[in-house]
Every structure is written in C-alpha cells, then in structure tokens.
Amino acid sequence: MNAFDLAEMAADLQALDDKSLRRRRRVVQQVDGPRLVVDGEALLAFCSNDYLGLAQHPDLVAAAQRGAQQYGVGATASPLVCGHTAAHEALEQELAAFVGLPAALSFYAGFAANVGLVPALVGRGDALFCDALNHACLIDGSRLSGAQISVYPHGDLAALAERLAASGAERKLVVTDAVFSMDGDVAPLADMLALCERHDAWLLVDDAHGFGVLGPQGRGTPAALGLRSDRLVYMATLGKAAGVAGAFVAGDATLVDWLVQRTRSYVFATAMPAMQAEALRESLRVMQREPQRREHVLALVRRLREGLAGLPWANPPSATPIQPLMLGGNAQALAMAAALRRRGLWVPAIRPPTVPAGSARLRITLSAAHTADEVDRLLAALHEIAAEGPP
C-alpha cells in the first residue's frame, strides 16, 4: 500500500471484510458488573478481564475520589519530573510486598511496560527466547530490543532447552506469559526457571492474567508455584483482576533502579494519575480482605467447564477464568457470537492475527461478579445452539 492512499486503505478494509477479519467497536452505555447496555441493547457479558469484579467496587471508587480531591485527575509529568507522588511511592511499596519481591515500579499501561522493559534488559548482541503464543506487547518489546530473537514452540521445554544450550550470547533472557491470554493455560514456569538457572539466563514473566487470581490471596502465578529467584523479573497488569488500569514490574531493588534509568516508556511518559494509584492501593486491600471473590470465580470456572463438556466444540484445558471454545473458521466464530448475542449474551469471537489461522474461537471470560445462574444461562444457550446445528 502506498503512503496515505485512501483508496488502497478502503480496498484493504474490504479484504478484511471478505475474510471475516474486520474489527468493529461497540459502544457501552451503561455498566452493572457484567450486565451492560451496548448500543442500546441489554447484554450479559462474558468478555471482560475484570476477574474479581473490582472495577466498580465502591471502596475503589471512593479511594479514587479521595485521590482526585488530593492530587487532581492528572499526574502532569513524567515520574522523573514531578509525576511521582506519595500515592505512587506507597503503591509500589505495597505491590512489592504483595508479590513478595524487594521492589516494584509502576507504569501507566501494561503494553507500555513490556515494550519498554524488554529493551531495557537486552539489546544488540544479546539473545532473547520467546514463546510462540506470547502477547503482542512482549513480541513488540522483543523486536524493539534489537536482540537476537528465537521463537520456540508454545510451551516446548525441550526446544527452549536446546536453544538456550546452543546460544553463545553473554546475556540471555527468556520471556513468557504466565497465563496465556487466549488459551488460559499456564506456562511451566518452574521448569523454565530451572532452565534459566542452568544456562545463566533471566526469566521475564508477564502475569497479566494470573495476578489477583492465582496463588495465595491472588499474589500471582510464581507465588502459586512457590518460585523465588534473583533471575526472575515479574510483571503484571492492573486493569484486569485489580480492576483499575496500569501495570508494574517487580524484582531485585538494583534491577528496579536500573529500569528507572533505562526504560523509555517510563522515563518519557506521563505517570499514571495519582487517583488511579490510590484506587489500586485499595484494590490490594480488597483482594486480601475479600478472598471469597477468588473462590467464587474459580468455582464458576469449574461449573462452566463441566457444562461445556458435552458440546461439539473443544474447550482446551484451563483452570483460569479464560475459557476458549474452539470454532476453527473466522465466519463460524462470528456466527456463534451473533447467535449468542441474539440471546442477550456477549461473548467475543477471537480471530487471527490475535490467534493462529484456523483457530478462531469464542473467548469466554468469567468474573466474580457473575452468578452461578448467569453461567447456567450461557451454558443453556450454547447447548441450544448446538442442538439447532451450526449457526
């Protein structure tokens, strides 16, 4: 496509339509947990990452309001100028304590964290090992680093071990999602960390979908596995189970100080608003005093999986709130999503390039804000569609 050629852009958009790959936004007008009004239509949503149902928690809303009263609604500058407030300082200390690591660094967004973090850790002449199904922000951060990238098959420890052993790079970094966002499976982190220790490599874990859900009190996937190592760099987002927005990186205090100096998406970006930091501090407190939220959403996961077992579409193993239902073709996934929408249910169709070609799916996500009856309503609709034949 030539630069700024609108006719070619229009043709390319039509090609996306022809392949059932064009994305369109819908306007959410009212929110009551997973019960939404969307383009004027009342829908029960199974599509958000609000795993603990905290996004509208009154204590978080009140904390944000108090923060806005004290600090205003904007941070006004980079953290290295005047954007790092007492609220940010307290949040970072509390995040580090929550995940059991010496220090933490907060970011305004998860994507920004990873595209800055990876290039701060490795560069030209270094080796980087990346799971084939890693999130786009890890992929983009890896490309920006300039390091030599080796993409290994998803979860393939033998392939990773072989590539680590063959590398002569002085500095090596393995990057992986902890819980993979489209499949809901968990990386074999204990074995990966052992490989890193054996081959003098570091392990960067993106726990966007594990933080708040897995581990004691939701302290994350490494905590669930009892992992501790100076080679572990822990990153998690705060707009999913934590219910707000932003992200953080945690690890050794020297590492965090290094990241303050070298992470361009931290140094050259306006900090998250202090009112957001105050809401996140309250989110950590709610996670600890309301453990029933984690228990409830994980019980819903078991209920859903039992109900999906008799359907003609595969539901790959996942013990997390992310539950894929495999359809295969793009048009089939869109048709299934439309059939559910006609029944008042919003479950998104996920298509390439988000997932590999031929693996289009529904991505069902559960929240502590869902009830057991609402999960049963989704299951009843899916069984009804299956009985009618392919949509």
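The values are calculated or read from the model by the stated rules, or taken from the named source; none is laboratory data. A quick note: this is a predicted structure, and the numbers were derived from the prediction, not measured. Here the Cβ positions follow ideal geometry from the backbone for every residue, glycine too, while neighbour counts run over all protein chains shown.
Quick check on the range 75-83. Is at least one of its residues in the same structural domain as ARG341 (by TED's automatic domain parsing) and crowded, with 19+ Cβ neighbours inside 10 Å? No.
So which residues in the range 210-234 are polar (S, T, N, Q) and not in a helix (DSSP H, G or I), if there are any at all? SER229 - this is the single residue of the range 210-234 that is polar (S, T, N, Q) and not in a helix (DSSP H, G or I). Can you pull out the residues in the range 325-359 that are closer than 28 Å to GLY212 by Cβ, assigned to a strand (DSSP E or B) and out of contact with any Ser or Thr (no Cβ under 7 Å at 6 or more places or on another chain)? Scanning the range 325-359 gives LEU325, LEU345, TRP346, ALA349, ILE350.
The set of residues from the range 277-294 being farther than 16 Å from MET235 by Cβ, in contact with a helix residue (DSSP H, G or I) (Cβ under 7 Å, 6 or more places away or on another chain) and assigned to a helix (DSSP H, G or I) comprises ALA277, GLU278, ALA279, ARG281, GLU282, SER283, LEU284, VAL286, MET287, GLN288, ARG294. Would you be able to say whether some residue in the range 182-193 is more than 24 Å from ILE149 (Cβ to Cβ), out of contact with any Ser or Thr (no Cβ under 6 Å at 6 or more places or on another chain) and assigned to a loop (DSSP other than H, G, I, E, B)? Among the residues of the range 182-193, not one is more than 24 Å from ILE149 (Cβ to Cβ), out of contact with any Ser or Thr (no Cβ under 6 Å at 6 or more places or on another chain) and assigned to a loop (DSSP other than H, G, I, E, B), which makes the answer no.
Return a yes/no flag: does the range 61-72 have any residue that is buried (at least 22 other Cβ atoms within 10 Å of the Cβ) and farther than 12 Å from ALA269 by Cβ. Yes, because at least one residue in the range 61-72 is buried (at least 22 other Cβ atoms within 10 Å of the Cβ) and farther than 12 Å from ALA269 by Cβ.
Contact map, the range 300-312: residues that are in contact (Cβ under 8 Å) with a residue 60 or more places away in the chain and in a loop (DSSP other than H, G, I, E, B) paired with residues that are surrounded by fewer than 17 Cβ atoms within 10 Å (Cβ to Cβ) and not hydroxyl-bearing (Ser, Thr, Tyr), Cβ distance under 8 Å, separation 6+ or inter-chain. Pairs shown: GLY310/HIS383; LEU311/HIS383; LEU311/ALA386; PRO312/ALA386.
Counting residues in the range 243-250 that are aromatic (Phe, Trp, Tyr), at pLDDT 95 or above and part of a loop (DSSP other than H, G, I, E, B) gives zero.
For the range 104-160, a tally of residues being surrounded by fewer than 19 Cβ atoms within 10 Å (Cβ to Cβ), more than 21 Å from the chain's Cα centre (by Cα) and under 20 Å from GLY210 (Cβ atoms) returns 1.
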